[in-house]
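Colleague: Shown below is the structure under consideration.
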Amino acid sequence: MAAPKKGRPQGRPGRALALILVAMVAMVATMFLTGHTTPRLGIDLAGGTSITLTAKSDQASAINPTNMNTAVGIIERRVNGLGVSEAEVQTQGDRNIIANIPKGTDEKQAVDQVGTTALLYFRPVLTMVQAAPAASPSPSGNASGSGTASPEPKGTASPEPKDSGKPKGADESVAAEPSAGATTQGRAVSDALRADAPKSPEASASAKPPEASGAAKASESAAPAGSEPPAAPSAPASPGGLDTAVPADLQKKLEALDCTDPKSVDAATKGVKPGEKMVACDEDGLYKYALGPAAVQGRDVDKASAVLDTQSGAGWMVTMDFNSAGTEKFAEVTGKLAQQAPPNNQFAIVLDNEVVSAPSVSSTIGGGQAQITGNFDQKSAEELANVLSFGALPLSFSVDEVTSVSPQLGGEQLEGGLIAGAIGFVLVVVYMLVYYRGLAFISIISLFVSAILTYAIMCLLGPAIGFALNLPAVCGAIVAVGITADSFIVFFERIRDEVREGRSLQPAVARAWPRARRTILVSDFVSFLAAAVLFAVSVGKVQGFAFTLGLTTLLDVVVVYLFTRPLMTILAKNRFFSSGHPWSGLDPKRLGATVPLRGRRRPVRTAVKEA
C-alpha cells in the first residue's frame, strides 16, 4: 500500500463542509417553521421599563438564593396583576432583581407594585363565598396544596373514601407539631360537612369552600343544614371571644368585589391597615373572603419548611416555627379559632392582600410550632413554605434604577447599532480585499456563514431560554466581526509564510494549519474567558454583551474548523490559487518567496582522502 505523499493535506474537507452546511440549513429551517424569524428584542430596543431592585437586610443569612427566587415569584405575580404579558423578572448576582416590563405599562404603577416589600399576615376568616360559578366542576379535585394556580375549580368533591391514604380534595388543617390527628381532622371535618351540605345550587355557591388545592385551601365552610349561608353577616357574639361579625359596609365590599377585575381588587384592598377587617380574593379568583384584623404577622414566623411525613402517612406538610412574640399571639388566636364553626375556624395566610392558603384549626397550638397538612405534593409544600419564610424574613428591596425607553428610541438605537455593524463589516471586507485579494473571497464567505449561524441561534434562543437582544448584545456582535476576521488573518499569514519558504500551496496549507490552529484556539480561549468572567460578575444589560461575545467566539472556532480550513484545502487545488496568480494573494514574487531546493543545482561533493 502506497504511503501518502509528504506534505499533502489529510482528511476529507468535503465532509466538514457538508456538516456545517447541513447544520446551518437545519437551524434556518427551524427558524422559519417555528415562526421565530427575528430575534427577541430587549427593553432598550423594543421599549418598556426596566427596574433594578437591590435586596437589603440586617441579617446577612436572609439574602440567599431561596429567598431571592421566592421574591422573583412574588414580583412576577405583582407584574402579572398589572395585566402585563411577556414581562421578565430574574435575579442578577447575589442581591439584585431585574424586572423588565414591556411597553404599554404605567411606569409609576409598575415601580409601586414591584418595588414595595411583600406583606404577610395571618387573618381569621369571617366568611367566604364563591366569586364566580365554576365552569365545569371536576369530580376528583386538584391535589395541589399551595399557591400554584389550579385549572380546576376549588371545592370540588372527592369520590375517594375518607380513610384513604391521601384523598384528593381533602381539606387543609393546621395543628400543633407533632400531632397524630392533624391530617385526619381535616378529612373528618370535610366529610361531615359534605354530608350535611345544602343541595340547592344557590346554597352550594355561597356555602361551599375551596378544597386544599391551588391558592386558597381550607376546610369546608358550609354551615350545618338549616343555618344561614356564610355570606350573611355573622352574629357579633361568638364562642372564645373572637369577633366574627361582618359589618354592613364590609358585606357590601364583599358583594361588590370582582376577583376577575384587578382594578376592583386593588380598590377593595388598597390602604387596608393590619388592624382593620378586609375583603380579599384567592389567587385563582374563584373565592373571596371577609377577613378579620391581622392576628399574626409574617415576621413572627421564624422558619417554615416542607417536610415529608412517612411515619403517619400524612405525606408532604408545611411546618412553622414562631418566634417568642409569634408563639404567644398564635396560641391565643388558634385557641379562639378552635372554638368556632367553619368557616370561622380558619385563618387565612394573606400575602400582598391575596389569600394563598386558609387552613382550619382544631385545637389551641402552643409551643411555637405548628404544621399545615392537606393534599400537598413536594412542589406545592415547598412553595407555601417559601411564602411563609419570605414573609418572616426582614427582607426588603430598594429601587436602584428605573430605565424607561420608548419604542421610537429603541428603534433608533437598533438602527444605529445595525448601521455601525454594517460599517464595521464593510471596512473589514475592504481591508481583506486590498491586502489579501483572492483570499478575501474565502474570508467573506466565512463571515457570511458565521453571521447566518449567529442570527439563527439568536432567533431560536429567544423562545428557548428567553434570550433578548439588547443594545450591548448588538455591540458584542459587532466586536465579534473583528475577532472572527482575526482568525482568518492568522490562518492566511501562516500559509503565506509557508509559501515564502518556497513550498507549493497544498503542502503550505497542510503545514500552516497546525501552527495557525494553536494561535486561533489560544486567542479565542482568552476572548471566551473574558466573556465568561464578564457574564458572571456583571449585572443587567452588560450580560447581553458578554453572552453575545462568548457565543460568537465559540462560533468562530466552529466556522474556522468546519468551513474556512476545508474550503481553503479545496481551493488550494484550484489553478488560480495554486499557480500563485498575482490577484490570488499568494503570488510568490510579491511575497518574496525563495527558490525551492528541488529547483537548485546541488553542489558536487568531492571526497578528500587523508594522506
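The values are calculated or read from the model by the stated rules, or taken from the named source; none is laboratory data. Predicted model, so just to flag it, every value in this text is computed and none were measured. Counting neighbours? That spans all protein chains shown, and the Cβs are built from the backbone with ideal geometry, glycine included.
Colleague: Based on this model, can you work out whether Gly462 counts as over 21 Å from the mean Cα position of the chain (by Cα) and not hydroxyl-bearing (Ser, Thr, Tyr)? If you could, list the steps in order and put the result at the bottom.
Modeller: Values: over 21 Å from the mean Cα position of the chain (by Cα): no; not hydroxyl-bearing (Ser, Thr, Tyr): yes.
In short, no.
Colleague: Based on this model, can you work out whether Thr334 counts as β-branched (Val, Ile, Thr), buried (at least 24 other Cβ atoms within 10 Å of the Cβ) and part of a helix (DSSP H, G or I)?
Modeller: On the way: β-branched (Val, Ile, Thr): yes; buried (at least 24 other Cβ atoms within 10 Å of the Cβ): yes; part of a helix (DSSP H, G or I): yes.
Considered against the rule, which asks whether it is β-branched (Val, Ile, Thr), buried (at least 24 other Cβ atoms within 10 Å of the Cβ) and part of a helix (DSSP H, G or I), Thr334 comes out as yes.
Colleague: Among residues belonging to the stretch 286-326 that are among the aromatic types (Phe, Trp, Tyr) and within 31 Å of the chain's Cα centre (by Cα), point out the one that is nearest to Gly368 (Cα to Cα). Steps first, answer last, please.
Modeller: Going through the stretch 286-326, the residues among the aromatic types (Phe, Trp, Tyr) turn out to be 287, 289, 316, 322.
Then keep just the ones that are within 31 Å of the chain's Cα centre (by Cα); that gives 287, 316.
Values: Tyr287: 30, Trp316: 20 Å.
In this case the residue turns out to be Trp316.
Colleague: Would you mind finding the one in Val89, Val84, Val79 that is aliphatic (A, V, I, L, M) and at pLDDT 70 or above? If you could, list the steps in order and put the result at the bottom.
Modeller: Numbers: Val84 fails: at pLDDT 70 or above; Val79 fails: at pLDDT 70 or above.
Unique residue meeting the criteria: Val89.
Colleague: Here's a follow-up. Checking the conditions here, which among Gly271, Gly285, Gly275 is in a loop (DSSP other than H, G, I, E, B), in the same structural domain as Ile349 (by TED's automatic domain parsing) and closer than 23 Å to Ser324 by Cα? Please lay out each step first, then the result.
Modeller: Values: Gly271 fails: closer than 23 Å to Ser324 by Cα; Gly285 fails: closer than 23 Å to Ser324 by Cα.
Residue meeting the stated conditions: Gly275.
Colleague: Residue pairs, Cβ under 9 Å, 6 or more apart or interchain, first in the stretch 21-37 and closer than 12 Å to Ile457 by Cα, second among the aromatic types (Phe, Trp, Tyr). List them.
Modeller: Going by the 9 Å Cβ cut-off, the qualifying pairs are Val28/Tyr455; Met31/Tyr455.
Colleague: Exactly one of these conditions fails for Leu414: (1) more than 30 Å from Met317 (Cα to Cα); (2) of a type in the set (A, V, I, L, M); (3) not in a helix (DSSP H, G or I). Give me its number.
Modeller: (3)
Colleague: Right, another one. Could you tell me whether any residue of the stretch 46-61 is at pLDDT below 75, among the β-branched types (Val, Ile, Thr), under 30 Å from Ser380 (Cα atoms) and within 23 Å of the chain's Cα centre (by Cα)?
Modeller: No, because not a single residue in the stretch 46-61 is at pLDDT below 75, among the β-branched types (Val, Ile, Thr), under 30 Å from Ser380 (Cα atoms) and within 23 Å of the chain's Cα centre (by Cα).
Colleague: Checking Val387 against (1) assigned by TED's automatic domain parsing to the domain that holds Val490; (2) at pLDDT below 80; (3) more than 30 Å from Phe491 (Cβ to Cβ): exactly one of these is not met. Which one?
Modeller: The one condition Val387 does not meet is (1).
Colleague: For the structure I just gave you, tell me whether Ala485 is at pLDDT 90 or above and either touching a His at 6+ places or on another chain (Cβ under 6 Å) or surrounded by 20 or more Cβ atoms within 10 Å (Cβ to Cβ) (or both).
Modeller: Values: at pLDDT 90 or above: no; either touching a His at 6+ places or on another chain (Cβ under 6 Å) or surrounded by 20 or more Cβ atoms within 10 Å (Cβ to Cβ) (or both): yes.
Answer is no for this residue.
Colleague: Could you check the stretch 267-314 and list, in sequence order, the residues that are acidic (Asp, Glu) and either touching a residue at least 40 places away in the same chain (Cβ under 8 Å) or under 21 Å from Leu384 (Cβ atoms) (or both)? Reasoning before the result, please.
Modeller: Restricting attention to the stretch 267-314, the residues satisfying the condition of being acidic (Asp, Glu) are 276, 282-284, 300, 302, 309.
Matches in the stretch 267-314: Asp282, Glu283, Asp284, Asp300, Asp302, Asp309.
Colleague: Check Ala422, Ala473, Ala464 and return the single one that is buried (at least 22 other Cβ atoms within 10 Å of the Cβ), more than 30 Å from Lys573 (Cα to Cα) and out of contact with any strand residue (DSSP E or B) (no Cβ under 6 Å at 6 or more places or on another chain). First the steps, then the outcome.
Modeller: Details: Ala422 fails: buried (at least 22 other Cβ atoms within 10 Å of the Cβ); Ala464 fails: buried (at least 22 other Cβ atoms within 10 Å of the Cβ).
Only one candidate qualifies: Ala473.
Colleague: Yes or no: Thr454 assigned to a helix (DSSP H, G or I) and touching an Asp or Glu at 6+ places or on another chain (Cβ under 7 Å)?
Modeller: Details: assigned to a helix (DSSP H, G or I): yes; touching an Asp or Glu at 6+ places or on another chain (Cβ under 7 Å): no.
It is false that Thr454 is assigned to a helix (DSSP H, G or I) and touching an Asp or Glu at 6+ places or on another chain (Cβ under 7 Å).
Colleague: Here's something else I'd like to know. Restrict the check to the stretch 249-264 and report whether at least one residue is touching a Gly at 6+ places or on another chain (Cβ under 7 Å), within 26 Å of Ser380 (Cβ to Cβ), in contact (Cβ under 8 Å) with a residue 40 or more places away in the chain and part of a strand (DSSP E or B).
Modeller: First pass over the stretch 249-264, keeping only residues touching a Gly at 6+ places or on another chain (Cβ under 7 Å): 259-260, 262.
Restricting the remaining residues to those that are within 26 Å of Ser380 (Cβ to Cβ) gives 259-260, 262.
Narrowing further to those that are in contact (Cβ under 8 Å) with a residue 40 or more places away in the chain: 259-260, 262.
In the following step, the residues that additionally are part of a strand (DSSP E or B) were identified as none.
Scanning the stretch 249-264 turns up no residue that is touching a Gly at 6+ places or on another chain (Cβ under 7 Å), within 26 Å of Ser380 (Cβ to Cβ), in contact (Cβ under 8 Å) with a residue 40 or more places away in the chain and part of a strand (DSSP E or B).
Colleague: Quick one: in the stretch 399-414, which of the residues that are at pLDDT 80 or above and of a type outside the set (Val, Ile, Thr) is farthest from Asp44 (Cα to Cα)? Full working, then the answer.
Modeller: Residues of the stretch 399-414 at pLDDT 80 or above: 399-402.
If we keep only those that are of a type outside the set (Val, Ile, Thr) too, we end up with 400-401.
Working: Asp400: 17, Glu401: 14 Å.
Filtering the stretch 399-414 for residues that are at pLDDT 80 or above and of a type outside the set (Val, Ile, Thr), the one farthest from Asp44 (Cα to Cα) comes out as Asp400.
Colleague: Looking for something among the charged types (D, E, K, R) and part of a helix (DSSP H, G or I) - is there at least one such residue anywhere in the stretch 421-442?
Modeller: Among the residues of the stretch 421-442, not one is among the charged types (D, E, K, R) and part of a helix (DSSP H, G or I), which makes the answer no.
Colleague: For Thr327, which of the numbered conditions (1) within 22 Å of Asn386 (Cα to Cα); (2) touching a residue at least 60 places away in the same chain (Cβ under 8 Å) fails to hold?
Modeller: If we test Thr327 against (1) within 22 Å of Asn386 (Cα to Cα); (2) touching a residue at least 60 places away in the same chain (Cβ under 8 Å), just (2) comes out false.
Colleague: OK, next. Among Ala516, Ala508, Ala512, which is touching a Phe, Trp or Tyr at 6+ places or on another chain (Cβ under 6 Å) and over 30 Å from Leu41 (Cβ atoms)? Working first, answer last.
Modeller: Numbers: Ala508 fails: touching a Phe, Trp or Tyr at 6+ places or on another chain (Cβ under 6 Å); Ala512 fails: touching a Phe, Trp or Tyr at 6+ places or on another chain (Cβ under 6 Å).
Being touching a Phe, Trp or Tyr at 6+ places or on another chain (Cβ under 6 Å) and over 30 Å from Leu41 (Cβ atoms) holds for just one of Ala516, Ala508, Ala512, which is Ala516.
Colleague: Let me ask something else about it. Pick from Arg515, Arg494: which is modelled with pLDDT under 90 and of a type in the set (D, E, K, R)? Quick ask: steps written out before the conclusion?
Modeller: Values: Arg494 fails: modelled with pLDDT under 90.
None of the others qualify; the one that does is Arg515.
Colleague: For the condition assigned by TED's automatic domain parsing to the domain that holds Ala325, at pLDDT 90 or above and of a type in the set (D, E, K, R), what is the one hit in Asp302, Asp249, Asp261?
Modeller: On the way: Asp302 fails: at pLDDT 90 or above; Asp261 fails: at pLDDT 90 or above.
Criteria check complete, one pass: Asp249.
Colleague: Within the stretch 496-507, identify whether any single residue is without any contact (Cβ under 8 Å) to a residue 60 or more places away in the chain and not hydroxyl-bearing (Ser, Thr, Tyr), and answer yes or no. If you could, list the steps in order and put the result at the bottom.
Modeller: So in the stretch 496-507, the residues without any contact (Cβ under 8 Å) to a residue 60 or more places away in the chain come out as 497-498.
Now narrow it down to the ones that are not hydroxyl-bearing (Ser, Thr, Tyr): 497-498.
Looking through the stretch 496-507, at least one residue is without any contact (Cβ under 8 Å) to a residue 60 or more places away in the chain and not hydroxyl-bearing (Ser, Thr, Tyr).
Colleague: Output yes when any residue across the stretch 338-354 is free of Cβ contacts under 8 Å to residues at least 60 places away in the same chain and outside any strand (DSSP E or B), and no when none is.
Modeller: First pass over the stretch 338-354, keeping only residues free of Cβ contacts under 8 Å to residues at least 60 places away in the same chain: none.
No, the stretch 338-354 contains no residue that is free of Cβ contacts under 8 Å to residues at least 60 places away in the same chain and outside any strand (DSSP E or B).
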